[in-house]
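Every read-out reported here was derived from the displayed coordinates using simple, explicitly stated rules and does not represent laboratory data. Computed from a predicted model, the values in this text were never measured in an experiment. Reconstructed Cβ throughout: ideal geometry from the backbone, glycine too, with neighbour counts over all protein chains shown.
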Amino acid sequence: MNHFEYKNPTKIIFGQNKIAELAKEIPAKEKVLILYGGGSIKSNGIYDQVKIALAEFDVMEFGGIPPNPEYSVLMNALEFIQSNEITFLLAVGGGSVIDGTKFLSAAALYDGKSPWNILTSRKPVLKAMPFASVLTLPATGSEMNSGAVVTRKETKEKLAMSGPALFPQFSILDPQVIKSIPERQIANGLADAFTHVLEQYLTYPTDALLQDRFAESILQTLIEVSPKIMKDPSDYKAASNFMWSCTMALNGLISQGVPSDWAVHAMGHELTALFGIDHARTLAVIAPSHYKYNMATKKEKLAQYAERIFNITEGNIEEKALAGIDATEAFFHTLGIKTKLSSYTKDFEGTAEVISKRFTERGWLGIGERGSLNPTDVAKIVEMTY
Ligand code: NZQ
Ligand code: ZN
């Protein structure tokens, strides 16, 4: 097992009707800004619950953060924060609203020239305005991690940021919020969380027996609840297991002491930036090709995954590994998620070269758990997804 240091300061408040406890968690003196997305919280009752819980607070609000939080919208929010002397940010939404809020919490205390440099510099964020979240969509794990991803339409870029100051102070997880989520977004949440586990598990063995079992248990739970939650998002038992699995998939726990890959996300983000494809769907496009391309270095873990998750016991190590990749693709298909780039856009020709060139220009010359995938490898993987 590799060495590690682990600290996760986010308090999780999980269960039915827990939004009512908001006021206990925010200091009374704070001037709070509620941030939200396109308005789903207004039609499903979550907005009302938040407003009632914060009735005694000095509260303002900023809505309209779009999926794949857009830089120009966030810059308007930043101006709002500064001109209204806001001191505490409360994200009420899915990964996009929470990530947008993380960016704002860093940008509000940033003393550099342009806040965009927070994303391009890739330096860890060490100071940020306090913030918290009410999660409305299980998927990203953003509610309990210190990462965020911001999109800039103008340049068709989607870049990540992270740092110890970007953990939410607390997050409220009420699985009842899931009942209003459209099927497409439930499917996205399942596929995103599933791939988060794969990124931290399908690497090479480091004798981390417990971390492997943690990862496998999350994958098994997601597979078990997926037909139930897809069929009936108001099934509380399925919803609570779905929600907690998504959080556990990316709150840092399963990555301790093991290598992480994240190449699927690096390539996937480019497909969202170029074509606007939903984040989770880009992962389902890239993952099968990525694992096939990297068979030589990943086959031990792929075969273990095939055996333990899909009960594939026939064949040699490569055959099992390949059957595991096919089973992964079949799982995405059960969610109604297509796994070829050509199913999402007619303009796929040339995508491999564009992405490879971008990686070269950014100096991303070696990605994956060994830092061994260069831009030429990236081009080959992306080409396999056509
Ligand atoms: O905008 P509103 O009206 O809120 O509607 C949203 C949005 O249209 C809707 N929705 C959310 N909760 C709902 C609901 N509709 C009905 N009922 C509810 N309870 O769902 C749509 C999608 O929301 P979004 O927040 O975009 O989805 P998700 O949580 O999948 O977040 C995706 C973003 O997170 C980033 C992705 O790149 C993408 O930008 N990621 C963040 C990560 C992190 N911070 O750790 C890791 C991930 O790998 C990912 O990259
Ligand atoms: Zn993801």
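Against the empirical 2.2 N^0.38 Å scaling, what ratio does the C-alpha Rg of segment 1-72 come to? Spell out each step's value before the answer.
Working: Rg = 16.0 Å, N = 72, 2.2 N^0.38 = 11.2 Å.
For segment 1-72, the normalised Cα radius of gyration comes out at 1.43.
Give me the distance between the Cα centres of segment 316-360 and segment 64-114, rounded to whole Å.
33 Å
Given H placed on each backbone N at 1.01 Å, which residues far from V134 in sequence or on other chains put an amide H within less than 5 Å of it?
A91, V92, G93, I172
Measure of size requested: the Rg and Dmax of segment 182-383, with Cα atoms as the atom set and Å as the unit; please supply both.
16.4, 47
What does a probe at S260 reach in segment 354-373, counting residues whose amide N is under 19 Å from the point 7 Å along Cα→Cβ?
364-373
How big is the equivalent ellipsoid of the chain along its three axes, where each semi-axis is √(5λ) from the Cα gyration tensor, reported in whole Å from largest to smallest?
Details: eigenvalues 224, 115, 74 Å².
Output for the chain: semi-axes of 33, 24, 19 Å.
List the relative contact order of segment 182-383 as a percent without decimals, with contacts defined as Cα pairs under 8 Å and 6+ residues apart. Could you put the intermediate results ahead of the total?
Numbers: 261 pairs, mean separation 47.2, N = 202.
Result for segment 182-383 is 23 percent.
For the residue pair E224 and K42, what label-to-label distance in nm results when each label sits 7 Å from Cα along the Cα-to-beta-carbon direction?
Each label point is offset 7 Å from its Cα along the Cβ direction, giving 4.0 nm.
Put a dot 7 Å past each Cα toward the Cβ at S343 and S372; how far apart are the dots in nm?
3.0 nm
Given K299/K380; K158/K357; K18/K51; K153/K346; K29/K127; K231/K299, which pairs have Cα atoms separated by over 25 Å?
Numbers: K299/K380 19 Å; K158/K357 15 Å; K18/K51 13 Å; K153/K346 20 Å; K29/K127 20 Å; K231/K299 34 Å.
Too far apart for the 25 Å limit: K231/K299.
Which residue fluctuates most in the GNM of the chain (Cα springs below 10 Å): A238, A296, A107?
A296
Hey, which aspartates and glutamates would be in cross-link range of K320, C-alpha to C-alpha under 17 Å, not counting anything within fewer than 8 residues on its own chain?
In chain and number order, the partners are E216, E300, E307, E329.
Rank by packing, highest mean first: peptides 161-169, 365-373, with packing defined as the count of other Cβ atoms within 10 Å averaged across residues.
Details: 161-169: 20.0, 365-373: 16.6.
So the peptides 161-169, 365-373, ranked by packing, come out 161-169, 365-373.
HN-Hα J couplings of segment 224-240 from phi, Karplus 6.51/-1.76/1.60, θ = phi - 60°, integer Hz, Gly and Pro as x?
3J(HN,Hα) across segment 224-240, in whole Hz: 5, 7, 4, x, 5, 6, 5, 6, 8, x, 8, 6, 4, 4, 5, 4, 5.
Pairs of Cα atoms under 8 Å, at least six residues apart: use those to get the relative contact order of segment 11-176, whole percent.
On the way: 337 pairs, mean separation 47.5, N = 166.
Worked out over segment 11-176, it gives 29 percent.
Rounded to the nearest 0.05, what FRET efficiency do A20 and K123 give with R0 = 35 Å and r taken as the Cβ-Cβ distance? Could you check? Before the final figure, lay out the partial values.
Values: r = 38 Å, r/R0 = 1.10.
So, using R0 = 35 Å, E works out to roughly 0.35.
Measuring from a point 7 Å past the Cα of I317 along Cα-to-C-beta, which residues in segment 201-215 have an amide N at less than 17 Å?
Label zone hits: 202-208.
What span do the alpha-carbon atoms of segment 11-176 cover on each of the three principal axes, reported in whole Å from largest to smallest?
For segment 11-176, the Cα spread along each principal axis is 40, 31, 26 Å.
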